[in-house]
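Below you'll find the structure, written out as structure tokens, and then a few comments.
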Amino acid sequence: MDNTITAAKAAPLLLEWYDRHHRELPWRVSPSMARQGVVANPYHIWMSEVMLQQTTVQAVKAYFEKFLALWPSVEDLAAADNEDVMKAWAGLGYYARARNLKKCAEAVARNHGGHFPDTEEGLKALPGIGDYTAAAVAAIAFNRQSAVLDGNVERVVSRLYAIETPLPAAKPEMRGLVAALTPADRPGDFAQAMMDLGATICTPKRPACSLCPFRPHCLALSVADPETFPRKAKKKDKPLRLGAAFVAIDARDTVYLRKRGETGLLGGMTEVPGTAWTARQDGDTSVAAQPFAAAWEDCGTISHVFTHFELRLSVYRANVARAETGDDGWWEPVSSLKAQALPTVMKKAIAQAIPDAFKAER
DNA sequence: CACACGTGGAT
DNA sequence: TATCCAAGTGT
């Protein structure tokens, strides 16, 4: 007997589960709040969705609160200094998101009177908003019946229908299935419910199928091991790249920093001088690659894993007079390094040269 | 379609 | 330790 779920049954089942078991999140209007007349703030929903791209809820919470405190409205963010936005985003990763966040805020403030477009199409035309985020903001903030497909939903749907096509080829099929399931009533809650289900019940490993509202209808559970869905190709292994980083300190306990170019890896972020990061094992990562002459002391190496390569950086430290550096950067007190737009890899390098650089006592 | 693009937590 | 992966987007 075919127990495949029908569109008419899916939403009520899932929304009933969501009303009882939804997560409380800082940017979310819970069902009980909605009953009291609270409506979603599109600025908050957009901000959270951009931060949540490939990023855990846990990591996002503090950044979300910080950004709202610094820039309470989209006009505030549009008027902010680019550099301040990059400083506030430092540590969250995927820094193109921060650059696009600022551009998007400027576009909304300048071209849309400070109001986000309320359609998928309008939203998707903005920087940093793609298929997923456009659908999510349209559904959650504007109650549009849009098909929201993220990693969680892909997992839920792939199991519900035991989809054998591997990702990402299966995405169009999955989007069609989600579109068929999405209700006209509470489409935003439906989307959030699918994501909550994927995050808390239909998890990548050891899913809690006994607690799942879709359990009677899940094809993967009935015919196979749900854990094996979604199918996806194996990832390539990461090559190793080598480089050197030079931490120059002057007599007043300040460090020489530079700003990276606006595009590419860590674009627009702050760094210490260093070599290019080469895949060549014979690249010069020795003190000979120094950016300026000094009595460089070998501080050992640090490792950092990026999305598509692993980096091993040789770190050097020296006491340097201000006049001996170039003029492509600036001197920053060690005590204020924490507030700089330093990506994690640079904080690691500096901490290797100055172990207490980021300690609270400073 | 394939690849570039960060980081930290879980197993 | 190795691997996966978390509310993806841009090119």
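The values are calculated or read from the model by the stated rules, or taken from the named source; none is laboratory data. Since we're looking at a predicted model, the values are computed, not measured. Quick reminder, even Gly has a Cβ in these numbers, built from the backbone with ideal geometry, and neighbours come from all protein chains shown. Each accessible area value is taken on the protein alone, full model and side chains, heavy atoms only, with ligands, DNA and RNA left out. Shrake-Rupley method; radii C 1.70, N 1.55, O 1.52, S 1.80 Å.
Brief remarks follow.
- Volume per residue of the C-alpha convex hull in segment A:240-353, rounded to whole Å³: 94
- The modelled label-to-label distance for the pair A:R322/A:T200, using points 7 Å beyond Cα in the direction of Cβ, is 5.5 nm.
- Surface share of carbon and sulfur [accessible, 1.4 angstrom probe, percent] for chain A: 52
- Here r is the Cβ-Cβ distance between A:K66 and A:T4 and R0 is 41 Å; the resulting FRET efficiency, rounded to 0.05, is 0.35.
- Each DSSP beta bridge with both residues in chain A is either parallel or antiparallel, and the antiparallel ones are about 60%.
- In segment A:164-261, one over the average inverse separation of all distinct C-alpha pairs is 18.2 Å, which is the Kirkwood hydrodynamic radius.
- For the residues A:A162, A:A80, A:A233, a GNM of chain A with alpha-carbon springs under 10 Å puts the largest fluctuation on A:A233.
- Since only A:I129, A:G176, A:V272 are under comparison, the one whose Cα sits farthest along the positive direction of the charge dipole of chain A, derived from C-beta charges on Lys, Arg, Asp and Glu, is A:G176.
- Note that segment A:110-121 has calculated 3J(HN,Hα) couplings of 7, 9, 10, x, x, 10, 5, x, 9, 10, 4, 4 Hz, one per residue in order, obtained from phi through the Karplus relation 6.51 cos²θ - 1.76 cosθ + 1.60 (θ = phi - 60°); glycine and proline are x.
- Accessible surface area normalised per residue over chain A is 48 Å², counting heavy atoms of protein chains with a 1.4 Å rolling probe.
- The simple Förster model, with R0 at 41 Å and r as the Cβ-Cβ distance, assigns A:A224 and A:F309 a FRET efficiency of 0.70.
- Selected from A:P213, A:P187, A:P42 as most flexible by GNM, with chain A as the system and alpha-carbon contacts under 10 Å: A:P213
- Hz values of 3J(HN,Hα) by residue in segment A:197-204 - Karplus curve (6.51, -1.76, 1.60), Gly and Pro given as x: 4, x, 7, 10, 10, 8, 7, x
- Applying 0.36 nm per residue to the separation of A:D19 and A:D356 and subtracting their alpha-carbon distance, the gain on full extension is 116.6 nm.
- Dividing the summed -39500 (n - 2.57) terms of all DSSP H runs of n ≥ 4 by the residue count of chain A sets its mean residue ellipticity at 222 nm at -11500 deg cm²/dmol.
- Dipole orientation for chain A: of the candidates A:G300, A:T56, A:P226, A:P226 has the Cα lying most toward the positive pole (charges on Cβ; Lys, Arg +1; Asp, Glu -1).
- Rel. contact order, % - alpha carbon contacts under 8 angstrom, at least six apart, chain A: 16
- The alpha-carbon positions of chain A define a convex hull whose volume is 162 Å³ per residue.
- GNM result for chain A, Cα springs below 10 Å: residue of A:G268, A:G326, A:G128 fluctuating most strongly: A:G326
- Prolate/oblate/rounded label for segment A:83-132 (Cα gyration tensor, a/c 1.5): oblate
- For chain A, size of Cβ-based charge dipole, Lys and Arg +1, Asp and Glu -1, in debye: 680
- Tilt relative to chain A, helix A:57-70 - C-alpha long axis, 0 to 90 degrees, to 10: 70
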